[in-house]
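Notes for the one structure printed next.
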Amino acid sequence: MPDVPSLRAALLDWYDAHARRLPWRAAPGSGQRTEPYRVWLSEVMLQQTTVPHAAPYFERFTARWPTVTDLAAVEDAELMAAWAGLGYYARARNLLACARAVAGTHGGVFPDTEAELLALPGVGAYTAAAVAAIAFDRPANVVDGNVERVMSRLFAVEIPLPAARPELRRLAALFVDAHRPGDWAQALMDLGSGVCRPKSPLCGQCPLTFGCEAWKTGAPALYPLKTKKAARPHRLGHAYVLRDGAGRVALVRRPDKGLLGGMAGLPTSDWSVAAPAFEPPAAGDWRAVGAVEHVFTHFSLTLTVHVGRGDGADFQWTAPETAAKALPTVFRKALERGLAGPD
DNA sequence: GACCCGTGGGT
DNA sequence: TACCCAAGGGT
């Protein structure tokens, strides 16, 4: 059984020497804390998202909206456009709802307990614990994918994910302590991200091998064990690039719920396994100019792109450059394909 | 617990 | 190529 206090001390020492410098992180060793607003914003952006992808969004958001009160005052469409390309758009809707709740109910000040944080929109168990630990230095059990992997290896957990979650959470809780709780959470994530990596862990650089059960087995990369996932189905659809006499593009606002909810989009058919009918959103001359491929979390998609000319009151007519910036990636691809013309 | 929800990089 | 994976949350 790994010795928890020794491991904890070893990882904090490692963190003091190897902490990553990140835009939302106070300089390690400075004794400073990051403002709750910046911790919260970064944590939401980092949900299922890599650091390199999220970082430029974080810089743009904080430059444009320096406080949670500034963010709370933004119009929905402006916020969604600023989030375009980052994915998981429910996060953007919840981000705004959360900012408005903090600016309103909480007087512009983030609550400092896990329980109150957890009650905010878009803040789940992980994010509530992370904000409590990192922004307020409260001893919270911060468990993300990195922490699950590190725990599964330290203790050579033989239960496969996702069933192992409660056990991994219990193990992570053994390390929670009032001494440097914010640094502990970030140290664990830095280790998981840079050393205790999913595919080829760098055990030679790890400060915890002395107490790691998976390392003793000689095959640490086998952990965490996992149950197999179902295959991803493929769907087909049509996307319509409709332009008016001024060259503007017809956009629609998608319903608030479901895929790409609340985002601007091109008019499309349904997306289904069987080829959907070609039913353009306006009469006139249409021609197919090609297709684009896109992969979502639970299906992949081939979108046939059609170009036509027309008018209509049901659309938001937008200059192509403006449209591209506000669109989620699948539509940005389709728009670029449409504007490029036939092969 | 199962399913839905994006995107881009790594292997 | 076809996966896997990332500082998850909501329903």
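Only the coordinates and a few stated rules stand behind these numbers; no lab work does. Computed from a prediction, not measured in an experiment: that's the story for all the values here. Note that we place each Cβ from the backbone using ideal geometry, even for glycine, and neighbour counts take in every protein chain shown.
Less than 5 angstrom separates the built amide H of A:Arg235 from those of A:Ser300, A:Leu301, A:Thr302, all sequence-distant by 5 or more or on a different chain.
Taking R0 as 30 Å, what FRET efficiency do you get between A:Gln47 and A:Lys325 from their Cβ-Cβ distance, rounded to the nearest 0.05?
0.85
Summing Cβ point charges (Lys, Arg +1; Asp, Glu -1) relative to the Cα centre of chain A gives a dipole of roughly 680 debye. Between A:Asp112 and A:Asp270, the FRET efficiency estimated from the beta carbon spacing at R0 = 45 angstrom works out to 0.45. Using 0.36 nm per residue and subtracting the Cα-Cα separation, the extra length available between A:Met1 and A:Glu75 on full extension is 21.3 nm.
Enclosing the Cα atoms of chain A in their convex hull gives a volume equal to 157 cubic angstrom per residue. Over what distance in Å are the Cα centres of region A:110-166 and region A:1-71 separated? The distance from the Cα centre of region A:110-166 to that of region A:1-71 comes to 14 Å. Summing Cβ point charges (Lys, Arg +1; Asp, Glu -1) relative to the Cα centre of region A:234-340 gives a dipole of roughly 240 debye.
Pairs from the list A:Lys226/A:Lys333; A:Lys199/A:Lys228; A:Lys257/A:Lys325 with a Cα-Cα gap above 25 Å: A:Lys226/A:Lys333.
Among A:Asp244, A:Asp285, rank each residue by its count of other Cβ atoms within 10 Å, from fewest to most, as a rough exposure measure.
So the residues, fewest neighbours to most, are A:Asp285, A:Asp244.
Over region A:159-230, all Cα pairs binned in 5 Å intervals from 0 give whole-percent P(r) values of 3, 13, 19, 26, 23, 11, 3, 1, 0, listed from short to long. Just in region A:1-81: which GluC sites (Glu not before Pro) are loop by DSSP and have at most 10 other Cβ atoms within 10 Å? Here the GluC sites (Glu not before Pro) that fit, given the DSSP loop and packing criteria, are A:Glu75. Neighbours of A:Asp311 by Cβ distance under 15 Å: Lys/Arg scored +1, Asp/Glu scored -1, total 0.
Considering helices alone, the calculated mean residue ellipticity of chain A at 222 nm is -12000 deg cm²/dmol, with DSSP H runs of length four and up weighted by -39500 (n - 2.57) and normalised per residue. Just to confirm the filter: which trypsin sites (Lys or Arg not before Pro) across region A:156-204 are DSSP coil and have at most 10 other Cβ within 10 angstrom of their Cβ? Within region A:156-204, the qualifying trypsin sites (Lys or Arg not before Pro) (loop, at most 10 other Cβ atoms within 10 Å) are A:Lys199. Each label point was placed 7 Å from the Cα along the Cα-to-Cβ direction; for A:Ala125 and A:Cys203 their separation is 2.9 nm.
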